[in-house]
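For reference, the structure is listed below as structure tokens.
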Amino acid sequence: MSEAPFDDRQVSAGGAATHNPAPPPERARANASPMFADLAGDVDVSFEFFPPKSEKMEQTLWQSIKTLEPLQPKFVSVTYGAGGSTRDRTHATVARIVRETGLTPAAHLTCVDASRGEIDEVADEYWNAGVRHIVALRGDPPRQGERFTAHPDGYDCAATLIEGLKKRHDFEISVAAYPEQHPESGTLDADLDNLKRKLDAGGTRAISQFFFSPEAFFRFRDAAAARGINAPLVPGILPVSNFKQTKSFAEMNGTALPGWLERLFEGLDQMADARKLVAATVAAEMCRRLYAGGIRDFHFYTLNRAELSYAICHMLGMRPQPEGDAA
Ligand SMILES: Cc1cc2nc3c(=O)[nH]c(=O)nc-3n(C[C@H](O)[C@H](O)[C@H](O)COP(=O)(O)OP(=O)(O)OC[C@H]3O[C@@H](n4cnc5c(N)ncnc54)[C@H](O)[C@@H]3O)c2cc1C
């Protein structure tokens, strides 16, 4: 199937794609893909950040948080480094969000290299700091290329972590989902069974790994529904600010990198402004197609930069809300 970025055939109801299609009948026209100008901002978004490593990165992160805050995201999440390497920095960032913003934070937490007792401690610290939402993950091994091995007294996968967290405190829990299948999973069916286990254990929403094929996401959504998964599946959107980095992320997590994406970034290495325009266009177009397919919740992997995510939200029709005015 063609994975051309600007092809509306999968989501418009206008019949076979030709260069001059006949005007669609009235009912089909009502379902046709909306223009950006028609989008009413009837979407919910969340933003993901990572804990900063230096003073300079901290400043960038906080400028980004302050820029995105008026869009009133449903929540903002902060990642947890491999092997718990960012435990303190993740906690400090989340705690500062609680103290200094009106945002709802979600703290990522993984099972890697931690006993159940240590995870209980982290969970208690979050609960006591007023954090009520955890993105619960198994996590990747600290060194790339190794296989995940559970701590002898730890949790072996996200589903058991969720059971443990739910026993400790009544957190809201988000889990990870993989539209193109988790690389360690034998089959998509097995991966979907695992997703269902995580949701049955107490997860209330699944946030997807990033992807570049809305069709792949829709196929995944249909397969999940057929397996009795009713929780919201929220697409994870990665605006491509750096193609090489995106390629290496994609290789690590099994995301298909379409040829058209590489071609779109060809020759732009020294042209930062052109690259940003292309990046915003690609991500906004993906969101528009997801919107046309019924998606109203989007999770942005911001990489701690506000500009692209802000622009895409703007194109989805979102506008800053006055302080204290709940969305
Ligand atoms: C939204 C999102 C946020 C993320 N944030 C972070 C982060 O902050 N820090 C970080 O280190 N990583 C993060 N990751 C990456 C994630 O940790 C890795 O993808 C990891 O390899 C899997 O985590 P999981 O929670 O999906 O694991 P699990 O759901 O436990 O699944 C891991 C693998 O094991 C298989 N599996 C699990 N249980 C069973 C079973 N009983 N039988 C058979 N197969 C089973 C699954 O199918 C899958 O292949 C994130 C990923 C996403 C999508």
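The values are calculated or read from the model by the stated rules, or taken from the named source; none is laboratory data. None of these values were measured; they are calculated from a predicted model. Neighbour counts run over all protein chains shown; Cβ positions are idealised from the backbone, glycine included.
Evaluate the following for ALA206: is it under 19 Å from ARG138 (Cβ atoms) and at pLDDT 95 or above? Judged against the criteria, ALA206 is a match. Reported count of residues in the range 46-102, each being of a type outside the set (Lys, Arg) and either in a helix (DSSP H, G or I) or more than 16 Å from the ligand (Cβ to nearest atom) (or both), is 32. Any chance the range 205-212 includes a residue that's under 18 Å from PRO105 (Cβ atoms) and within 7 Å of the ligand (Cβ to nearest atom)? Yes; the residues of the range 205-212 include at least one that is under 18 Å from PRO105 (Cβ atoms) and within 7 Å of the ligand (Cβ to nearest atom). Being among the small types (Gly, Ala, Ser), within 11 Å of the ligand (Cβ to nearest atom), within 26 Å of SER208 (Cβ to Cβ) and within 21 Å of the chain's Cα centre (by Cα) is true of ALA136. The set of residues in the range 184-197 being of a type outside the set (Gly, Ala, Ser) and either more than 7 Å from the ligand (Cβ to nearest atom) or under 16 Å from the mean Cα position of the chain (by Cα) (or both) consists of THR187, LEU188, ASP189, LEU192, ASP193, LEU195, LYS196.
Just one of (1) assigned to a helix (DSSP H, G or I); (2) free of Cβ contacts under 8 Å to residues at least 24 places away in the same chain fails for GLU146. It is (1).
Exactly one residue out of ARG227, ARG219 is of a type in the set (Lys, Arg), in contact with a helix residue (DSSP H, G or I) (Cβ under 6 Å, 6 or more places away or on another chain) and more than 10 Å from the ligand (Cβ to nearest atom): that is ARG227.
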